[in-house]
1. Hey, what did chain A get for relative contact order, percent, Cα under 8 Å, at least 6 apart?
2. Under 26 Å Cα to Cα from B:Lys100, which lysines show up? Leave out anything in the same chain fewer than 8 places away.
3. How many nm is it between the label spots at B:Phe256 and A:Thr94, if each spot is 7 Å from the Cα in line with the beta carbon?
4. State the cysteines of the protein assembly as shown left without a partner when partners are defined as other cysteines whose beta carbon lies under 4.7 Å away.
5. How big is segment A:172-254 along each principal axis, measuring the range of its Cα positions in Å and listing the largest first?
6. With a 1.4 Å probe, how much accessible area is buried between chains B and A, both sides summed, in Å² to the nearest hundred?
7. Using Cα springs under 10 Å in a Gaussian network model of chain A, which residue among A:Gly44, A:Gly283, A:Gly219 shows the largest mean-square fluctuation?
8. What 222 nm value per residue comes from the helices of chain A, counting each DSSP H run with n ≥ 4 as -39,500 (n - 2.57) and dividing by all residues, nearest 500 deg cm²/dmol?
Amino acid sequence: MSNTNKLAVNFCGVDFKNPLIPASGAFGYGREFEHFYPLSTLGGISVKGTTGTKRNGNLPPRIAETPSGMLNSVGLQNPGVDHFIKIELPNLKTKDTVIIANIAGSTADEYREIAEKLDKTDVDMIEVNISCPNVKAGGAAFGVTCEGAASITKIVRAATSKPVMMKLSPNVTNIAEIAKAVEAEGADAVSLINTLLGMRIDIKTRRPILHNNVGGLSGPAVFPVAVRMVWQVANAVNIPVCGMGGISRWEDVVEMMMAGAKTIQIGAALFANPMAPVEIIEGLEKYVSDNNLNSLQDIVGTVKPW
Amino acid sequence: MKYTQGKYLILSKKTLAKEIYDLTILCPDVAAAAKPGQFVNVKADGFMLRRPISICSIDKNKGTLRIIFEVRGEGTKAMSQLAEGSMIDIVAPLGGRGFKLEQYETAVIIGGGIGNPPMLAVAEKFGANGTVISGFRNAAAVILQDDFKATGAETILCTDDGSAGRKGFVTDALKEVLETKKPDIIYACGPDVMLRRIIEIAKANGIKCQVSLEERMGCGVGACLVCACRTIRNGDEYYAHVCKDGPVFNAEEVLFDE
Ligand SMILES: Cc1cc2nc3c(=O)[nH]c(=O)nc-3n(C[C@H](O)[C@H](O)[C@H](O)COP(=O)(O)OP(=O)(O)OC[C@H]3O[C@@H](n4cnc5c(N)ncnc54)[C@H](O)[C@@H]3O)c2cc1C
Ligand SMILES: Cc1cc2nc3c(=O)[nH]c(=O)nc-3n(C[C@H](O)[C@H](O)[C@H](O)COP(=O)(O)O)c2cc1C
Ligand code: FES
């Protein structure tokens, strides 16, 4: 990597050419977005959440629009970790970008099993979803208590020597405490936020729009909540933070980095504007040069609280 | 499937019926790639999610596409404000599977309500070898009859209340047509209840059938997995994705809710 690249960042030992990562679940395995730009444009890719065996996901409808956001209740539809390793990963590894496997399980054993399998591959990082609000027996049960979050971190940590990033749920009273708990068990990084649990009702039919009744809120509507949580977590732990939730423009990335994020992910905004990553990278390049920064990383955590 | 995102010129805008708009868009690259049954994903000003609208007709020589939409809610309301001469932001052409037309010679082509527009591109392929059955609520909602006639197809118009054409459902007309004709295939787009009955009739008569489905969408390209619909694949139930695996499905693949 060229050391003149001012957007570059080393994030828990992995070199990213820029801090921009499409978020898990919004980008599949990248294939569909290659129509818009080469995947090498991106700092990294967090792929669709992978479980031990294939899952069909929840019944449709799985999406509801909200003011400045959306609810989803996909329910981790995915072809399973073996398919990911055999078919998707070899293709992704040719794309000259960092590949982050995002994993989820219903039991601690499932997390262990997936992490052990991924440990033997050339995936660059593992992001551990303990915060999916859409699966009954799913990760969220672990993500909402310090004990649960710590136990999954410990199990995955023991199963792999890859960098481990724990993905935190915003549906908790004190997210900084959860972050400290996963740090204590050896997490290399944290990413946040996953979606906020929400609901919409069709007033004509009195039916929830989502067949799952409830789903996860994301998009610009959650941005201020995400910035606040990233700020609280960055102040509470020494491991690096990957910030996400509602990012849609380069200005949002700068704001999230000032709050304390070293890298960022972008999800729902890709649906309205699939070109957003390219536009954001251009915006960040201009920002760095307008402000005479040596590195975009110089702004991380520089918010000046009152 | 090869698609792009871009802003394209609206060459003309017409009002076809109350709250039903007809746009012709100049988009040579999209028109060159587009196939009947595919759709465009339209940015509605002020909204998070794009609105999927079927391609109604494709003119590869002029490099234009025609789309027709009805105002159903806030997003289509915003789209109805788009003026002739302004730009429309679309991701297109989308849909991994449109209508398969090549191997068939004769067809019955059925549209229900706002499911009629995508059937025009199909009718244009079959010409006089097509029979078009269109159904609407009432005379005020009727659209596209001159366009269907211009393809050379035999056309049958049905309304629920008999205020235009014959009174009754498209399925009644279909049964009558099948008494004298045995088409190679039936194509249909419209409400689920209508598609379900058409599939039953096609099955009972041993005729192939393809239907275009609707589901709420996020990305429109196959990445987010929100647009799931229940199908049968290799004997197992599989949640296919309308945007990438469809929007057109073979009748025998589709599972409807009980
Ligand atoms: C493949 C496909 C082709 C279509 N072709 C046409 C067409 O040619 N002409 C036409 O008038 N309509 C068509 N529709 C339906 C059209 O997309 C919806 O009427 C429109 O999205 C409603 O948006 P709204 O903002 O007015 O309604 P709202 O109810 O306010 O929309 C809220 C959300 O629900 C979604 N939504 C609501 N109804 C539908 C629906 N029936 N299908 C999918 N998403 C929906 C919207 O996109 C939006 O995300 C098609 C749908 C699909 C899936
Ligand atoms: C359709 C959809 C599917 C998602 N699937 C996953 C998933 O499989 N695993 C996961 O960790 N997060 C998943 N998420 C959450 C996102 O990765 C992200 O945390 C969240 O959407 C907030 O970012 P955003 O506001 O930019 O979308 C999903 C989000 C969306 C919109
Ligand atoms: S809308 Fe995203 S997969 Fe179909």
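The values are calculated or read from the model by the stated rules, or taken from the named source; none is laboratory data. Just so it is clear, the structure is predicted and the values come from calculations on it, not from any experiment. Here Cβ is always computed from backbone atoms with ideal geometry, including for glycine, and neighbour counts include all displayed protein chains. What goes into the accessible areas is simple: the full protein's heavy atoms, side chains included, and nothing from ligands, DNA or RNA. Shrake-Rupley method; radii C 1.70, N 1.55, O 1.52, S 1.80 Å.
1. It rounds to 19 percent for chain A.
2. B:Lys2, B:Lys35, B:Lys60, B:Lys62, B:Lys125, B:Lys149, B:Lys175, B:Lys181, B:Lys182, B:Lys203, B:Lys208, B:Lys244
3. About 4.3 nm separates the two model spin labels.
4. A:Cys12, A:Cys132, A:Cys146, A:Cys242, B:Cys27, B:Cys56, B:Cys158, B:Cys189, B:Cys209, B:Cys227, B:Cys229, B:Cys243
5. Largest to smallest, the principal-axis extents are 50, 31, 17 Å.
6. About 2600 Å² of accessible surface is lost on pairing.
7. A:Gly283
8. Numbers: 9 runs with 87 residues, N = 306.
So the calculated ellipticity at 222 nm is -8000 deg cm²/dmol.
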